[in-house]
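Below is one structure, written out as structure tokens; the observations come after it.
The values are calculated or read from the model by the stated rules, or taken from the named source; none is laboratory data. Owing to the predicted nature of the structure, the values given are computational and were not obtained by experimental measurement. Glycine also receives a Cβ, built like all others from the backbone with ideal geometry; neighbour counts cover every protein chain displayed.
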Amino acid sequence: DSITVGELAQRMAVQAGQVVKTLMKLGTMATVNQTIDGETAQLVVEEFGHTPKRVSESDIEEGLETAPDAEADMQPRAPVVTVMGHVDHGKTSLLDALRKTDVVAGEAGGITQHIGAYQVVMPGGNKVSFIDTPGHAAFSEMRARGANITDIVILVVAADDGIKQQTVEAINHAKAAEVPMVVAINKCDKPDADPDRVRQELLNYGVVTEEMGGETLAVECSASSGEGLEQLAEALTLQAEIQDLKANPDRAAEGTVVEAKLEKGRGPVATFLVQRGTLKKGDTFVVGNEYGRARALVNDRGDNVEAAYPSEPVEVLGLHGTPQAGDRFVVVDSEQRAREIAEHRQEKARETQSTAPSTGSLEQMLARIKEGQVTEVPLVVKADVQGSLEAVNGALQKLGNEEVQPRVLHAGVGGITESDITLAAASNALVLGFNVRPNGKARQMAKSDGVDIRYFSVIYNLVDDVKALLESKLSPTA
Ligand code: GDP
């Protein structure tokens, strides 16, 4: 757990002389090539006003966290879109219909492979990449693993059914991730479709569409008839333009695993979504705890390709093990280095598995509040009836101080579900149950994801606990 003065300076992108001076100020005399311990390094980093990152273990991983790209190298890239909404509102149908709007595949007759994501050339010529797994569970599971790959969420709402429980969940998952939404008001071909009611109901959840004077784009469409799909494509392009999505294609590739599996005859196969740089056939990479060399790249049409560019999904063959969805991949310069890093990570994973104390989100949150790193305490609130939910919400809103505020990501009536846990895990949130319990699956998930659930049946106790938490005086084991 040590670092040379020169290296530390380089990491902070400051001159070594400045680090030497700062060290002097702290009472340590050291030259550029001398080594200082982690604690001292941390003090230096803080002196420079940076947030210290653990420097131990960094040697072997060094260079994997690459510097940001220069503005001049950035090029526009396609948005990555995830479809969410209530069951049966048409998520899958809409994904299929959008896929068929592909102007290029249309000409070629487009036999398409399911590799977990696909890119479509929309009418108008703009590209959009879709994640093939609709729904907020997959979305938040990826996020819980640290992968934020979605740029835009399409919120599908059936015009004949309106806002339902999972619609609200989807809204809250997207909001917690700070990913903008485009609303697809689907099934507008149905005689009892009422798009106005949908826009009206969305207001209750803080989603203000353009027609209502807000900024959220909403499009009336039908996955069945194809009506409105072009407008939906336009809305996605417009939303992407607002976000000014860019990446540097001209560098070693980095990105995220969308899907991975072990296939008979093909070995471990993973779909990579490239987020920066260009992934080329023959590239060596580290991915999660695994590594490999891209023996073949297969796109979403089943074609072998030589390279994949930012926002493009591609199936990669030539892995030495099966990574997990949400794992990050980084191209490195040699197979030996890739193996070294992967082995190091595997070792570390084994260690943490056997020795790590349970790092519940509550403990982490308390630590971060104490360090002044958080200004908001994210909460997921579930209650038995609407009345108590409102009372809890009302009480929570009155809490907080100048430094730290509670922030309710999702509040709902009913038992604690898997969806609540994935949201909490992805957002480092605490789950508060008022006269409710988790179902078996949610309880298991909470345990394995290290999500803390606290139960209450008296509002006073709940308020007291949250207050103590905000003052970071809550005992994690209480
Ligand atoms: P998901 O559960 O959200 O993925 O919904 P699906 O895509 O499976 O659709 C549920 C049902 O609604 C299916 O029977 C679809 O055929 C039907 N459906 C989907 N979109 C439309 C639409 O735009 N109009 C009509 N009339 N039916 C639709």
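Assorted remarks:
- Options Glu254, Glu263: the member that is touching a strand residue (DSSP E or B) at 6+ places or on another chain (Cβ under 9 Å) and under 20 Å from Ser129 (Cα atoms): Glu254
- Total residues in segment 175-197 satisfying the condition of being within 13 Å of the ligand (Cβ to nearest atom) and not in a loop (DSSP other than H, G, I, E, B): the figure is 4.
- Hey, Ser419 at positive phi and surrounded by 14 or more Cβ atoms within 10 Å (Cβ to Cβ) or not: no
- A count restricted to segment 203-225 and to residues that are assigned to a loop (DSSP other than H, G, I, E, B) and away from the ligand (no atom under 16 Å from the Cβ) stands at 8.
For every residue, the table says whether it meets (1) of a type in the set (Gly, Ala, Ser); (2) in contact with a helix residue (DSSP H, G or I) (Cβ under 8 Å, 6 or more places away or on another chain).
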| residue | (1), (2) |
| --- | --- |
| Val80 | no, no |
| Gly90 | yes, no |
| Leu98 | no, yes |
| Val103 | no, no |
| Glu141 | no, yes |
| Ile152 | no, yes |
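- Filter result (among the basic types (Lys, Arg) and under 18 Å from the mean Cα position of the chain (by Cα)) within segment 228-271: Lys246
- The strands (runs of 3 or more DSSP E) found entirely in segment 234-329 that carry 2 or more residues being closer than 30 Å to Ala184 by Cα and not β-branched (Val, Ile, Thr) are 254-263, 267-276, 313-319.
- Residue that is farthest from the chain's Cα centre (by Cα), among those in segment 129-147 that are more than 16 Å from the ligand (Cβ to nearest atom) and crowded, with 24+ Cβ neighbours inside 10 Å: Ser129
- Scan of segment 148-174 for residues that are within 16 Å of the ligand (Cβ to nearest atom) and without any contact (Cβ under 8 Å) to a residue 40 or more places away in the chain, ordered by number: Asp160, Gly162, Ile171
- Residue satisfying all of: in segment 100-109; surrounded by 17 or more Cβ atoms within 10 Å (Cβ to Cβ) and either within 16 Å of the ligand (Cβ to nearest atom) or not acidic (Asp, Glu) (or both); modelled with the lowest pLDDT among these: Ala105
- From the list Glu418, Glu471, the lone residue that is farther than 22 Å from Gly85 by Cα and of a type in the set (Asp, Glu) is Glu471.
- Any pair with Cβ under 6 angstrom, 6 or more apart, that starts in segment 438-467 at a residue that is over 16 Å from Gly394 (Cβ atoms) and ends at one that is in a loop (DSSP other than H, G, I, E, B) and modelled with pLDDT of 90 or more: Asn439/Gly415; Ala442/Thr417; Ser457/Asn435
- Selection count where residues are surrounded by 15 or more Cβ atoms within 10 Å (Cβ to Cβ) and either in contact (Cβ under 8 Å) with a residue 24 or more places away in the chain or of a type in the set (Val, Ile, Thr) (or both), scope segment 13-31: 6
- Looking across segment 394-427, just one residue is at pLDDT below 90 and among the hydroxyl-bearing types (Ser, Thr, Tyr), and that is Ser427.
- Condition check for Asp161: among the acidic types (Asp, Glu) and under 20 Å from Ser311 (Cβ atoms): no
- Residue match in segment 234-253 (condition: within 16 Å of the ligand (Cβ to nearest atom), surrounded by 14 or more Cβ atoms within 10 Å (Cβ to Cβ) and basic (Lys, Arg)): no
- Residue list for segment 68-94, filter: in contact (Cβ under 8 Å) with a residue 24 or more places away in the chain, away from the ligand (no atom under 16 Å from the Cβ) and not aliphatic (A, V, I, L, M): Asp69, Asp73, Gln75, Pro76, Arg77, Pro79
- Filter result for the condition that a residue is over 13 Å from Ala338 (Cβ atoms) and without any contact (Cβ under 8 Å) to a residue 12 or more places away in the chain, over Gly265, Gly302: Gly265
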